[in-house]
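**Student:** So that we are looking at the same thing, I have put the structure below in structure tokens.
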Amino acid sequence: MTTWHDYLKEEGRPLSWPYPIRFEKEQKIETDILVIGGGIAGCWAAISAARQGLNVSLVEKGNTVRSGAGGPGCDHWCDAPANPLSRVTPDDWARHMANRPYCNGIGIQIQCREDFDTLLEMEQMGGKIRDTNDEYVGAEGRDDKTKFMISPRYGTIHSYFPDPRMGEPNFNPPDKRNNVVIRVWGSTFKPALKKECERLGVNIFDRVMGTSLLTENGVQGARVVGATGLNNRTGELMIFRSKATILATAGAGSIWLMSMEHGGYSNMMSRTASGDGTIMAWRAGAELANMEANGIIRIATGLKHKWYSGGGDASYENVPIVDANGKRLPYPIQGWEDAGAMVPTPEVAAKIREGILKGEYALPFYGDFPSMKEVERNVTWKLMLGEESTTKIIINTYNKAGFDPSRDMLQNYNFIEGQSLPQWREAGYGGGLLVDWNLKTSLDGLYAAGTQMFSPEDHSYAAATGRYAGRKAAAYAKEIGKSKLSRDQIEIEKSRVYAPVRRSSGIEWKELHAGISRVMQYYVSEFKTESLFQIGLDALQKIEEETVPTLYALDPHKLMRSLEDISLLNYAKIIIHASRARKASSIPLNLQRIDYPAVDPPEWNKYLTVKLEDNKVKIGELPMTFWGDMKQQYEAHNKDYTGVYRGK
Ligand SMILES: Cc1cc2nc3c(=O)[nH]c(=O)nc-3n(C[C@H](O)[C@H](O)[C@H](O)COP(=O)(O)OP(=O)(O)OC[C@H]3O[C@@H](n4cnc5c(N)ncnc54)[C@H](O)[C@@H]3O)c2cc1C
């Protein structure tokens, strides 16, 4: 069979390639604010900067209308404690959410204070956030006055958070009804965001991949004054000159795992999340934090269902689970007691496992939709599952096949799918750019938002921090002029970017990607020691020196994929540098070192930072709550902000 690859090799580029090829040609764009990444955080950043009357350019690798992890949808708007039904104050909830090690207290405070304002703004743009058609009257959590649909999420899950290392008592809500999470029609959000960007005159550059940041005089560590991008359809080089730049390209997926046939090469997050923004900032000299954090991969890989498994978790939050004989499991307990906790407590999980082994529970388990009240079933099946990407595909497929949730049960894959392999890891929700209370990075002129920052949270966090970063970057840009771009720096980037198209043979991006993932699986997985780290670094170095110079791409799309691999390679190296710098094991960071077995010893309760200085890796450290008093700091930095919550 002739593959597309063979075809290109044998026949050359087809005449019908729908876009003109413009490799090495340049297009120059002047802008006040440059936003790189048109996902949730990026769109919000662009909108809020444009509302300040500035000229804004938005660069997106895919198509802004649906790109990124939040593009297809979202069913939970989490941590909106300023909503009128909330039983907790934003500052109390922020303190509670930040009461765990290695989180981002700055982002959490911003989310808790401004996330409900962000949601109301989303409604003004055309996003649907209330049950305006009265479809779910009578459902638990629906408020008839506001028509908001409160989700049970974040009840008992937060009992996992208290941690004595944080030096502050855990905030104990009066009962499990905190009412901080709102069920939403999130599939309406991304189109509304793009439309609002267009209405405000944001220049959207879809299908452009940001490749590097440009700094004053081309110096590492200096002010960021623009960026380069590659049009992944034409191959043209885009050169942006800006007063302020906001990075919002999310984190990196696919570092440990390249799963071609299953989850679209990536794991959990969007395929486009290849760590580009982090690497652009790294090369420019920005400081990163928490890069040693990693986790076992989550949903949507195709390799396993957890958590999306037919009951009890995430969008299925209050679907009861029964065993093969219809016997109820002790999780979740209908009635919101623990619905929304997403995973059973370790004690309950152990009890279920024991029950299976003793024959008390028969496998497989099922999500018992028929036993639910009709309105609750509809909320889950139609709204929650229908508004998210992976689950929308699941319900559409089942609906087509004649599945009827009022009659049929949905199989749950817990226990029968086995455990995750320790080699299936992800980095996406750990490390990222270090930011201050203006969401400014350690580089002047450079801001970050959403998953681009260290220790990020979820959709509404990305939205609220994007909106905030846009506001702050605009304030900075109003006070500063543009700077000259360094032609030398552009030339160096140009030869890096186009190297793969200047060759006609060698290896292609897929092989390279698979090689990087293998190195990480072998040397940076379950067993971690100084010498394994060194072997991993040497192997990546060898790939960089011997294999990358043979990388070739025959069209602009493959060129983009090749450049993504180079981002992944660099990202992998940073993970190893940060991991080996932490001479201790840590549960929250998922770092188990054989040579340093002490788990979270007090002297290691601190963030590690990492950056390039004169192209050499420099490790630094910060105290666990380096952001100071969250409420005070937020208020000091936002004196003019007017939102629903005015503080106490
Ligand atoms: C299946 C699924 C369900 C989810 N459900 C929920 C939910 O119900 N509630 C919730 O709170 N959260 C949910 N999340 C998480 C939520 O989607 C993310 O937290 C959120 O999208 C993060 O926003 P972001 O802007 O940081 O990243 P994204 O939204 O992923 O945006 C990053 C953007 O950057 C672009 N990009 C990447 N590299 C480049 C580059 N080099 N140049 C230009 N552009 C680039 C990408 O194409 C993308 O558009 C879900 C995630 C998934 C995958």
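The values are calculated or read from the model by the stated rules, or taken from the named source; none is laboratory data. Please read these numbers as outputs of a predicted model, since none were measured by experiment. Neighbour counts run over all protein chains shown; Cβ positions are idealised from the backbone, glycine included.
**Student:** Pick from Leu591, Leu612, Leu608: which is in contact with a helix residue (DSSP H, G or I) (Cβ under 7 Å, 6 or more places away or on another chain), over 30 Å from Tyr468 (Cα atoms) and surrounded by 15 or more Cβ atoms within 10 Å (Cβ to Cβ)? Before the answer, list the steps.
**Tutor:** Values: Leu612 fails: over 30 Å from Tyr468 (Cα atoms); Leu608 fails: over 30 Å from Tyr468 (Cα atoms).
From the options Leu591, Leu612, Leu608, the qualifying one is Leu591.
**Student:** Also, quick follow-up: Look at region 4-29 and say how many of its residues are crowded, with 16+ Cβ neighbours inside 10 Å and either within 16 Å of the ligand (Cβ to nearest atom) or charged (D, E, K, R) (or both).
**Tutor:** 1
**Student:** Please identify the pairs in which a residue from region 411-423 that is free of Cβ contacts under 8 Å to residues at least 60 places away in the same chain has its Cβ atom under 8 Å from the Cβ atom of a residue that is exposed (fewer than 14 other Cβ atoms within 10 Å of the Cβ) and of a type outside the set (Lys, Arg), counting only partners at least 6 apart or on another chain.
**Tutor:** Ile416/Leu363
**Student:** Another question, then. Name the residues in region 398-413 that are loosely packed, with under 13 Cβ neighbours inside 10 Å and modelled with pLDDT under 90, would you? Quick ask: steps written out before the conclusion?
**Tutor:** Kept after step one, since they are loosely packed, with under 13 Cβ neighbours inside 10 Å, are these residues of region 398-413: 400-402, 404, 406-407.
Selection gives nothing.
**Student:** If you take the residues in region 49-73 that are crowded, with 21+ Cβ neighbours inside 10 Å and at positive phi, which one is farthest from the ligand (Cβ to nearest atom)?
**Tutor:** Gly73
**Student:** Does region 441-457 contain at least one residue that is outside any loop (DSSP other than H, G, I, E, B), at pLDDT 95 or above, within 17 Å of Leu213 (Cα to Cα) and within 8 Å of the ligand (Cβ to nearest atom)?
**Tutor:** Taking region 441-457 as the starting set, the residues that turn out to be outside any loop (DSSP other than H, G, I, E, B) are 446-448, 450-453.
Then keep just the ones that are at pLDDT 95 or above; that gives 446-448, 450-453.
Filter once more, so that each one left must be within 17 Å of Leu213 (Cα to Cα): 446-448, 452-453.
Next, only the ones that are within 8 Å of the ligand (Cβ to nearest atom) stay: 452.
Within region 441-457, one or more residues are outside any loop (DSSP other than H, G, I, E, B), at pLDDT 95 or above, within 17 Å of Leu213 (Cα to Cα) and within 8 Å of the ligand (Cβ to nearest atom).
**Student:** Moving on to the next point. Any idea which of Tyr461, Tyr476 is touching a residue at least 24 places away in the same chain (Cβ under 8 Å) and touching a helix residue (DSSP H, G or I) at 6+ places or on another chain (Cβ under 7 Å)?
**Tutor:** Values: Tyr476 fails: touching a helix residue (DSSP H, G or I) at 6+ places or on another chain (Cβ under 7 Å).
That would be Tyr461, the only listed residue that is touching a residue at least 24 places away in the same chain (Cβ under 8 Å) and touching a helix residue (DSSP H, G or I) at 6+ places or on another chain (Cβ under 7 Å).
**Student:** Looking at (1) surrounded by fewer than 16 Cβ atoms within 10 Å (Cβ to Cβ); (2) farther than 30 Å from Lys373 by Cβ, find the lone condition where Leu421 falls short.
**Tutor:** Leu421 satisfies every listed condition except (1).
**Student:** Shifting gears a bit: From Gly226, Gly277, Gly235, grab the single residue that is at pLDDT 95 or above, away from the ligand (no atom under 13 Å from the Cβ) and either outside the structural domain of Phe205 (by TED's automatic domain parsing) or not in a loop (DSSP other than H, G, I, E, B) (or both). First the steps, then the outcome.
**Tutor:** Working: Gly277 fails: away from the ligand (no atom under 13 Å from the Cβ); Gly235 fails: either outside the structural domain of Phe205 (by TED's automatic domain parsing) or not in a loop (DSSP other than H, G, I, E, B) (or both).
Selected residue: Gly226, the only one of Gly226, Gly277, Gly235 that is at pLDDT 95 or above, away from the ligand (no atom under 13 Å from the Cβ) and either outside the structural domain of Phe205 (by TED's automatic domain parsing) or not in a loop (DSSP other than H, G, I, E, B) (or both).
**Student:** Now for a different question. Assuming Pro84 fulfils every condition listed in (1) crowded, with 18+ Cβ neighbours inside 10 Å; (2) closer than 20 Å to Thr642 by Cα; (3) not acidic (Asp, Glu) apart from one, which condition is it?
**Tutor:** With respect to (1) crowded, with 18+ Cβ neighbours inside 10 Å; (2) closer than 20 Å to Thr642 by Cα; (3) not acidic (Asp, Glu), Pro84 is out only on (1).
**Student:** Hey, does region 30-48 have a residue that's within 15 Å of the ligand (Cβ to nearest atom), polar (S, T, N, Q) and either at pLDDT below 95 or not in a loop (DSSP other than H, G, I, E, B) (or both)?
**Tutor:** Yes, the conditions are met somewhere in region 30-48.
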